[in-house]
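Colleague: Submitted below is the structure of interest, expressed as structure tokens.
Each reported figure results from applying straightforward, stated rules to the coordinates on display, with no laboratory input. Please read all numbers here as calculations on a predicted model, not as lab measurements. Cβ placement follows ideal geometry from the backbone for every residue including glycine, while neighbour counts extend to all protein chains displayed.
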Amino acid sequence: MATLEIKDLQVQVETPDGPKQILKGVDLTINSGEIHAIMGPNGSGKSTLAYSLAGHPKYEVIGGEALLDGENILEMSADERARAGLFLAMQYPVEVPGVTVSNFLRTAKTAVAGEAPPLRQWVKDVKDAMGRLRMDPEMAQRDLNYNFSGGEKKRNEILQLELLKPQFAILDETDSGLDVDALRVVSEGVNRVHGETGLGVMLITHYTRILNYIKPDYVHVFVDGRMAEEGGPELADRLEAEGYDRFLVK
Ligand SMILES: Nc1ncnc2c1ncn2[C@@H]1O[C@H](COP(=O)(O)OP(=O)(O)OP(=O)(O)O)[C@@H](O)[C@H]1O
Ligand SMILES: [Mg+2]
């Protein structure tokens with residue numbers, strides 16, 4: 001049982017006009033096994049929250065804490081956070097020409113586990129995971145995300161999730177741009193890891209349709225750099241029907 005506790009997190013970015021605060025005091029606690037959906041208008045800071053937790057250097061933490069089992073991950077480097085069990089599936093996965101999917105996965109697994117996985121078992125694990133995600137095995141030999149379609153990139157993020165088996169996963173709009181079959185396959189992947197490992201999930205999304213497959217325990221509304229409301233799955237339906245007006249109109 002592990003806990004990710006975000007307290008009063010404040011983050012700014014550098015802009016040509018000087019620093020701009022994006023996160024204005026985020027509070028959120030996720031326990032192992034819990035699925036938290038985060039919904040909110042464009043530009044409210046959801047990806048900023050995801051990147052800040054993962055340790056992207058562009059985001060400067062100016063206040064608050066993020067504790068993973070009591071340890072402040074904000075003081076760790078990005079790779080230390082990954083080793084501590086944090087995983088981010090990016091909204092826009094980065095293309096890395098020159099590094100194959102296969103090499104990337106093995107390097108990442110070795111870094112996170114602290115030792116290289118036994119080769120034969122690893123090859124089998126990758127092949128099986130790709131099969132479950134209905135990915136063409138040839139994809140493993142292609143350069144990471146390079147010339148991948150939008151949906152292929154998202155599937156590849158979930159492949160990493162399946163193989164790295166983190167304690168907490170932040171999934172930033174993993175459902176955006178997926179066709180109906182891919183949405184199901186990707187959701188099944190998340191549910192499988194969740195069922196097997198008791199993963200805690202922060203699921204950032206704009207659409208209730210993924211919540212039909214991945215059932216959230218909590219739904220949070222994120223507006224202007226902080227959590228504005230929390231509820232159960234019914235809150236997602238209300239947002240779908242009403243939009244965010246009641247949070248925005250002052
Ligand atoms: N370097 C930067 N300079 C200026 N503004 C920035 C910079 N980086 C981020 N922002 C702003 O921070 C705000 C939050 O962006 P973020 O990507 O976190 O939003 P989001 O909630 O993920 O939106 P979406 O739903 O569209 O993905 C946006 O208004 C964005 O323009
Ligand atoms: Mg975003």
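Colleague: Condition check: assigned to a loop (DSSP other than H, G, I, E, B) and among the charged types (D, E, K, R). Does Asp181 satisfy that?
Modeller: no
Colleague: Name the residues in region 184-203 that are assigned to a strand (DSSP E or B) and touching a Phe, Trp or Tyr at 6+ places or on another chain (Cβ under 8 Å), would you? Write out each step before concluding.
Modeller: Just the residues of region 184-203 that are assigned to a strand (DSSP E or B), to begin with: 200-203.
Gly200, Val201, Met202, listed by residue number.
Colleague: Touching a helix residue (DSSP H, G or I) at 6+ places or on another chain (Cβ under 7 Å), farther than 21 Å from Gly231 by Cβ, more than 16 Å from ligand 2 (Cβ to nearest atom) and in contact (Cβ under 8 Å) with a residue 12 or more places away in the chain: is that true of Ile22 in this structure?
Modeller: On the way: touching a helix residue (DSSP H, G or I) at 6+ places or on another chain (Cβ under 7 Å): yes; farther than 21 Å from Gly231 by Cβ: yes; more than 16 Å from ligand 2 (Cβ to nearest atom): no; in contact (Cβ under 8 Å) with a residue 12 or more places away in the chain: yes.
Taking the combined requirement at face value, the residue does not satisfy it.
Colleague: Scan region 154-171 and give yes if some residue there is at positive phi, free of Cβ contacts under 8 Å to residues at least 60 places away in the same chain and away from ligand 2 (no atom under 16 Å from the Cβ), otherwise no. Spell out how you get there, then give the answer.
Modeller: The first filter runs over region 154-171 and keeps only residues at positive phi, leaving 165.
Still in the list and also free of Cβ contacts under 8 Å to residues at least 60 places away in the same chain: 165.
Then drop every residue that is not away from ligand 2 (no atom under 16 Å from the Cβ), which leaves 165.
The answer is yes, given that some residue of region 154-171 is at positive phi, free of Cβ contacts under 8 Å to residues at least 60 places away in the same chain and away from ligand 2 (no atom under 16 Å from the Cβ).
Colleague: Let me ask you something else. Does region 145-163 contain at least one residue that is under 17 Å from Ser32 (Cα atoms) and more than 16 Å from ligand 1 (Cβ to nearest atom)?
Modeller: Yes: one or more hits.
Colleague: Please go through region 81-106 and give me each residue that is under 14 Å from Phe168 (Cβ atoms) and charged (D, E, K, R), ordered by number. Spell out the reasoning first.
Modeller: As a first pass, look at region 81-106 and keep what is under 14 Å from Phe168 (Cβ atoms): 81-89.
Of everything in region 81-106, those that are under 14 Å from Phe168 (Cβ atoms) and charged (D, E, K, R) turn out to be Arg81, Arg83.
Colleague: Considering only region 218-239, how many residues are assigned to a loop (DSSP other than H, G, I, E, B) and either out of contact with any Asp or Glu (no Cβ under 9 Å at 6 or more places or on another chain) or surrounded by 15 or more Cβ atoms within 10 Å (Cβ to Cβ) (or both)? Give the derivation first.
Modeller: Taking region 218-239 first, the residues assigned to a loop (DSSP other than H, G, I, E, B) are 224-225, 232.
From what is left, the residues that are either out of contact with any Asp or Glu (no Cβ under 9 Å at 6 or more places or on another chain) or surrounded by 15 or more Cβ atoms within 10 Å (Cβ to Cβ) (or both) are 224-225.
The qualifying residues number 2.
Colleague: Only one of (1) more than 9 Å from ligand 1 (Cβ to nearest atom); (2) in contact with a strand residue (DSSP E or B) (Cβ under 7 Å, 6 or more places away or on another chain) fails for Gly18. Which number is that?
Modeller: Condition (2) is where Gly18 drops out.
Colleague: Glu75 - would you say it is more than 21 Å from Gly200 (Cβ to Cβ) and more than 16 Å from ligand 2 (Cβ to nearest atom)?
Modeller: On the way: more than 21 Å from Gly200 (Cβ to Cβ): no; more than 16 Å from ligand 2 (Cβ to nearest atom): yes.
No.
Colleague: A further question follows. Looking only at region 188-211, decide whether some residue is within 13 Å of the chain's Cα centre (by Cα), free of Cβ contacts under 8 Å to residues at least 40 places away in the same chain and buried (at least 17 other Cβ atoms within 10 Å of the Cβ).
Modeller: yes
Colleague: Residues being touching a Leu at 6+ places or on another chain (Cβ under 9 Å), more than 6 Å from ligand 1 (Cβ to nearest atom) and under 14 Å from Leu171 (Cα atoms): count how many of those fall in region 32-48.
Modeller: Going through region 32-48 one residue at a time, the tally reaches 5.
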